[in-house]
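Colleague: Here you go, one structure.
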């Protein structure tokens, strides 16, 4: 059912490769990001599990093919191509950096080698899925750095780019280190911890705020978090304090969060509720969080919506998927485009990680001593080699990667062979 | 299967309303945008068809309920609530502005009235779906204005926020007036015209560019669009010209598009290919398109990806869904929050459109003479009243709306009754 989530030209090219007798040619493509967005020091790789699931289940149904056949772009395509497409399955190889890896501009997030039609068709889906989750995980890691050890919860599904993106944002944010998400589907599908108590409409549905607060305690018991700003934040805080336990905490969603959090903390403490936590929401981003943390705001949990689930300040990665090698019978070529400003590096590559820099080298080169290989085989001959579903492991790995490599200005060097291949006319 | 695409607090509140004996209370919510994003003069409303489909099919499966029951947030919720939820269906009313309407900040895109649990649960999904498609349609209308009558095609699914967003972006862009999309799923699901020919990998897969071009003509015939910048744009143009017809056009994807389009136009014209069209792509947005148009670049079609499918310069709307009235037995109240900077206007409203301004008035007020009502009934008592699927009609309507109302600084006034209700203490 996902086969048509693609650009039409992937399928016209597929038909063209078939008609040109190229369907046995084997192509290698790499997915990488041309440039880091502004204010990003690194990418936190995310979305591989969905990429693997897509490749291993990609099929064209009869309904897919019926739709395609009637498009005018396929008028000249012979019937045999549709027979081919109805039997399509991915039989190639995939190497990838594990989810949670810290990578940099120009480094392949994945390398795919397959008969050219099987390598071409997945481009759009892989870019969309891995590009988006990597975008969100990378943004989440910035928010977490700003929060300096306080919890960050992903609250953005209402502002994400349609409901499915909200669910995937919850997954990516959790892998990056967020405490969880408000998105229930992300909770069920990926076992991400889910958070949520009540909104302003809850308070408004009662004639008196006090009744809303008391009833929430009946509902949530020790998990009660009172939203105290519907009418007047400090009056709301006093009301919550007056009602006493059970009270996990209160939430501030408007106004001057620094001043209010201090005043509310005092009200709670004076009522003997020093274990009650303060959560803040309201269009937060890494700058406002960093300012609150620097000022010592007594906020324990930041709920972040729009800025996280849309990566608001940089809502896209310049992720591309480029052919780097092609094998036709016994003829092998390296491939690279030379379009102005958009040149690509030929050759299937491996990323070698040293403590202080990364080295991009051709896969075919002998590995340099003392370096870690970042691209691992995950699909071989169409068979999935890994079980990608341990989010807790990805999260631990991401934390370690960010600590060790998530620094600005890390160098990415090219091996001599790769540099020679890329610039054959230079000395 | 979409019931869990929501914030957890919608479901905790649902349980809370049920426990508080409020499940027969009838609430009215409005979905609106607080402020227009920077550089937006209006909203082009989009996404209603999906909202209607969601509301009319929303159910909780046994699997949904099994997941929810084991969450600690529901520890205190009695079994009867889960029986209620397993029988859930939407039985309320929905009024909405048709897709393609031009609206402004503060005006309801839709008004939903239903038993409070049924009105609360849809919040997240409606915001995500309508907010996103409205965001994209509004951006598309800016791009089309910049293109000043030239075609714009939506090419952004690889950069959209995951594949489903790419498909919906294709729909929204088409309703706004784009010529079509590259997204095949949008083509099949919504009958949007689909565009696509070949990418750089097509050219790279051949040893000689000339073979790639000739083979593309075999594949696409009169629909051939040659991508001419893989190695050298002008050499590519000469090659395409030399091969001659069939040739619908050429595509430029890098370099100085103004100079190149002029040079390429000359090469094509000199070869007698004056009917061949020039398409340009390469991170275009409304500013670069407007500059190319102003300079008289001979570009016939603009393909726009990232900036359109992510609304790059403003990737979120401040869309909210707020309770405005609540009826509990014989007691009726208007509802509005007073949170600092986030006050809302109480009361279910109607938008009345006059030639030079809009008037927001209470639904209960008598309609002013000479005005058009913008909110129409689309669901009544859970029954869908409209067939929302005519995209061509929406597109025609959008064109007319933009022409008549898509201007900056259009005034939105409040009726006296609404102003009195919102500020009861003011004279």
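Colleague: Given the criterion without any contact (Cβ under 8 Å) to a residue 40 or more places away in the chain, under 22 Å from residue A:306 (Cα atoms) and surrounded by fewer than 23 Cβ atoms within 10 Å (Cβ to Cβ), identify the matching residue among A:258, A:227, A:234, A:239.
Modeller: Values: A:227 fails: surrounded by fewer than 23 Cβ atoms within 10 Å (Cβ to Cβ); A:234 fails: under 22 Å from residue A:306 (Cα atoms); A:239 fails: under 22 Å from residue A:306 (Cα atoms).
Within the list A:258, A:227, A:234, A:239, the selection yields A:258.
Colleague: Could you look through the stretch A:3-24, keep only residues that are part of a loop (DSSP other than H, G, I, E, B) and within 7 Å of chain B (Cβ to nearest Cβ), and pick out the one that is surrounded by the most Cβ atoms within 10 Å (Cβ to Cβ)? Before you say what the answer is, go through the steps one by one.
Modeller: Of the residues in the stretch A:3-24, the ones part of a loop (DSSP other than H, G, I, E, B) are A:3-6, A:20-24.
Next cut, within 7 Å of chain B (Cβ to nearest Cβ) only: A:4-6, A:20, A:22.
On the way: A:4: 24, A:5: 21, A:6: 28, A:20: 21, A:22: 20.
Within the stretch A:3-24, the match that is surrounded by the most Cβ atoms within 10 Å (Cβ to Cβ) is A:6.
Colleague: Would you say residue A:95 is part of a strand (DSSP E or B), on the phi < 0 side of the Ramachandran plot and away from chain B (no Cβ under 14 Å)?
Modeller: yes
Colleague: Right, residue B:281: without any contact (Cβ under 8 Å) to a residue 12 or more places away in the chain, out of contact with any helix residue (DSSP H, G or I) (no Cβ under 8 Å at 6 or more places or on another chain) and either within 12 Å of another protein chain (Cβ to nearest Cβ) or crowded, with 20+ Cβ neighbours inside 10 Å (or both) or not?
Modeller: On the way: without any contact (Cβ under 8 Å) to a residue 12 or more places away in the chain: no; out of contact with any helix residue (DSSP H, G or I) (no Cβ under 8 Å at 6 or more places or on another chain): yes; either within 12 Å of another protein chain (Cβ to nearest Cβ) or crowded, with 20+ Cβ neighbours inside 10 Å (or both): yes.
Answer is no for this residue.
Colleague: A further question follows. Can residue A:131 be described as within 19 Å of residue A:32 (Cβ to Cβ) and assigned to a loop (DSSP other than H, G, I, E, B)?
Modeller: Details: within 19 Å of residue A:32 (Cβ to Cβ): yes; assigned to a loop (DSSP other than H, G, I, E, B): no.
The answer is no for residue A:131.
Colleague: Follow-up question, since we're still on this one. Can you report the number of residues in the stretch B:25-54 which are part of a helix (DSSP H, G or I) and closer than 13 Å to residue A:201 by Cα?
Modeller: Step one: filter the stretch B:25-54 for residues part of a helix (DSSP H, G or I), giving B:48-54.
From the residues that got through so far, the ones that are closer than 13 Å to residue A:201 by Cα too are none.
The qualifying residues number 0.
Colleague: Which numbered condition in (1) buried (at least 23 other Cβ atoms within 10 Å of the Cβ); (2) part of a loop (DSSP other than H, G, I, E, B); (3) in contact with a helix residue (DSSP H, G or I) (Cβ under 6 Å, 6 or more places away or on another chain) is the only one that residue A:298 fails?
Modeller: (1)
Colleague: Tell me which strands (runs of 3 or more DSSP E) are completely within the stretch B:312-427 and hold 3 or more residues being free of Cβ contacts under 8 Å to residues at least 40 places away in the same chain, or say none if there are none. I'd like the intermediate steps shown before the answer.
Modeller: Values: elements: B:319-328, B:331-334, B:349-353, B:357-362, B:376-380, B:411-414.
Once the strands (runs of 3 or more DSSP E) in the stretch B:312-427 are filtered for at least 3 residues that are free of Cβ contacts under 8 Å to residues at least 40 places away in the same chain, what remains is B:331-334.
Colleague: Tell me, which helices (runs of 4 or more DSSP H) wholly within the stretch A:174-264 include 3 or more residues that are more than 10 Å from every other protein chain (Cβ to nearest Cβ), touching a helix residue (DSSP H, G or I) at 6+ places or on another chain (Cβ under 8 Å) and on the phi < 0 side of the Ramachandran plot? Before you say what the answer is, go through the steps one by one.
Modeller: Details: elements: A:184-190, A:200-204, A:209-220, A:233-243.
Hits in the stretch A:174-264: A:209-220, A:233-243.
Colleague: Among the residues of the stretch A:144-172, write down those that are surrounded by fewer than 24 Cβ atoms within 10 Å (Cβ to Cβ), in a helix (DSSP H, G or I) and more than 8 Å from chain B (Cβ to nearest Cβ). Even if it seems obvious, please write down each step before you answer.
Modeller: Step one: list which residues in the stretch A:144-172 are surrounded by fewer than 24 Cβ atoms within 10 Å (Cβ to Cβ), which gives A:145-151, A:164.
With the extra rule that they be in a helix (DSSP H, G or I), the set shrinks to A:145-147, A:164.
Matches in the stretch A:144-172: A:145, A:146, A:147.
Colleague: Of the residues in the stretch B:25-35, how many are in contact with a strand residue (DSSP E or B) (Cβ under 7 Å, 6 or more places away or on another chain) and more than 8 Å from chain A (Cβ to nearest Cβ)? Please lay out each step first, then the result.
Modeller: To start, the set of residues in the stretch B:25-35 that are in contact with a strand residue (DSSP E or B) (Cβ under 7 Å, 6 or more places away or on another chain) comprises B:25-34.
Within this subset, residues satisfying the condition of being more than 8 Å from chain A (Cβ to nearest Cβ) are B:26, B:28, B:30-34.
Total satisfying the criteria: 7.
Colleague: Taking the residues in the stretch B:284-295 that are in contact with a helix residue (DSSP H, G or I) (Cβ under 6 Å, 6 or more places away or on another chain) and assigned to a loop (DSSP other than H, G, I, E, B) as candidates, determine which candidate is farthest from residue B:198 (Cα to Cα).
Modeller: Result: B:295.
Colleague: Here is a follow-up. Quick one: is residue B:358 more than 30 Å from residue A:227 (Cα to Cα), assigned by TED's automatic domain parsing to the domain that holds residue B:30 and surrounded by 13 or more Cβ atoms within 10 Å (Cβ to Cβ)?
Modeller: Yes: the conditions hold for residue B:358.
Per-residue answers, yes or no, for (1) more than 30 Å from residue A:281 (Cα to Cα); (2) modelled with pLDDT under 95; (3) surrounded by fewer than 18 Cβ atoms within 10 Å (Cβ to Cβ):
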position: B:314; (1), (2), (3): no, no, no
position: B:340; (1), (2), (3): no, yes, yes
position: B:346; (1), (2), (3): no, yes, no
position: B:350; (1), (2), (3): yes, no, no
position: B:380; (1), (2), (3): yes, no, yes
position: B:390; (1), (2), (3): yes, yes, yes
position: B:401; (1), (2), (3): yes, no, no
position: B:408; (1), (2), (3): yes, yes, yes
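Colleague: I've got another one for you. Does the stretch A:72-91 hold any residues that are surrounded by fewer than 22 Cβ atoms within 10 Å (Cβ to Cβ) and either under 33 Å from the mean Cα position of the chain (by Cα) or part of a strand (DSSP E or B) (or both), and which are they?
Modeller: A:86, A:87, A:88, A:89, A:91
Colleague: Taking residue A:141 as meeting all but one of (1) facing another protein chain (nearest Cβ under 9 Å); (2) touching a strand residue (DSSP E or B) at 6+ places or on another chain (Cβ under 8 Å), write down the number of the exception.
Modeller: Here residue A:141 meets the rest and fails (1).
The values are calculated or read from the model by the stated rules, or taken from the named source; none is laboratory data. A quick note: this is a predicted structure, and the numbers were derived from the prediction, not measured. Heads up, the Cβs are rebuilt from the backbone with ideal geometry, glycines too, and the neighbour counts pull from every protein chain shown.
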